[in-house]
1. List, in order, the whole-Hz ³J(HN,Hα) value for each residue of segment 98-112 obtained from phi through the Karplus relation with A = 6.51, B = -1.76, C = 1.60 and θ = phi - 60°; use x for Gly and Pro.
2. Using a Förster distance of 22 Å, how high is the FRET efficiency between Q46 and E103, based on the Cβ-Cβ distance and rounded to 0.05?
3. Among 113-120, 167-174, 78-85, 3-10, how do they line up by average Cβ neighbours within 10 Å per residue, starting with the highest?
4. When the chain is fully extended, how far beyond the present Cα-Cα distance does N13 get from N72, taking 0.36 nm per residue of separation?
5. Calculated from DSSP H runs of 4 or more alone, at -39500 (n - 2.57) each and per residue, what is the 222 nm mean residue ellipticity of the chain, nearest 500?
6. How much of the accessible area of segment 127-214, in percent, comes from carbon and sulfur atoms when a 1.4 Å probe is used?
7. Relative contact order for segment 7-96 using alpha-carbon pairs under 8 Å, separation at least 6, rounded to a whole percent?
8. Between segment 196-218 and segment 95-125, what is the separation of their alpha carbon centroids in Å?
Amino acid sequence: MQQAAVSCGRNPNDIHLLAVSKTKPVSDILQAYENGQRHFGENYVQEGLEKIQALSQFSDIVWHYIGPLQSNKSKIIAENFDWMHSLDRIKIAKRLNDQRPSELAPLNVCIQINIDDESSKSGIQASETKDFLEQMREFSRLSCRGLMTIPSATKDINQQRASFERMQSLFVKCQEDFKQIYPDFDTLSMGMSADMALAIEYSSTMLRVGTGVFGSRT
Ligand SMILES: *Cc1c(COP(=O)(O)O)cnc(C)c1O
């Protein structure tokens, strides 16, 4: 990550590593923790909850939910996680807002963008983003932190670049349009093990890396 940042003229401190620990045991998370990692991402509600409970004495771990969310599970996210990256429905936003306990800080959220318009993927369309962010204004228990995307799984470098570039300009535009309303809108959650360097080139601020940190999943 540092090398990729330096080679495109970015400050490495602006780019954060989210270690995606889905399917990996608590012992792996602990090992990463002992090496200084604090941000962990999970994509299954029940599995994530079990790990949060098992590691509850480590109060400086920051838990990110990055998977699809059914509305009947929103309460678990609102009560236990610090971040939610995959928000794509106002109905879920309303539930998370209502269910966020008052003693906790507002839940950090990123809006998931289906940047390649794939029918199989969750996320809103890029053209819907402005309207979605307008509607988010009423939710005082959510902090709008940025955008998240999972581009199509292509090996075509030009297509990858094109998708990342669309996300980059959408992110910059949203930051400009909403900086008064969402002063903490600073996160572009983009890039995984296979496309980290490219994502950094296109302004990603948070890389979600599973395989690259913990090894392949079975
Ligand atoms: C699994 C997952 C990742 C990590 O993928 P790797 O290729 O293992 O780095 C990132 N983001 C999301 C949403 C995931 O589900």
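The values are calculated or read from the model by the stated rules, or taken from the named source; none is laboratory data. Everything numeric in this text was worked out from a predicted model, so none of it was measured. All Cβ positions, glycine included, derive from the backbone under ideal geometry; neighbour counts span all protein chains shown. Ligands, DNA and RNA are excluded from the accessible area calculation, which covers all protein heavy atoms including side chains. Shrake-Rupley method; radii C 1.70, N 1.55, O 1.52, S 1.80 Å.
1. Karplus values, whole Hz, x for Gly and Pro: 5, 8, 5, x, 5, 7, 9, 5, x, 6, 6, 10, 10, 8, 7.
2. So the FRET efficiency works out to roughly 0.40.
3. 78-85, 167-174, 113-120, 3-10
4. Result: 17.5 nm gained on full extension.
5. -10500 deg cm²/dmol
6. That share works out to 48 percent.
7. Value for segment 7-96: 23 percent.
8. For segment 196-218 versus segment 95-125, the Cα centre distance is 20 Å.
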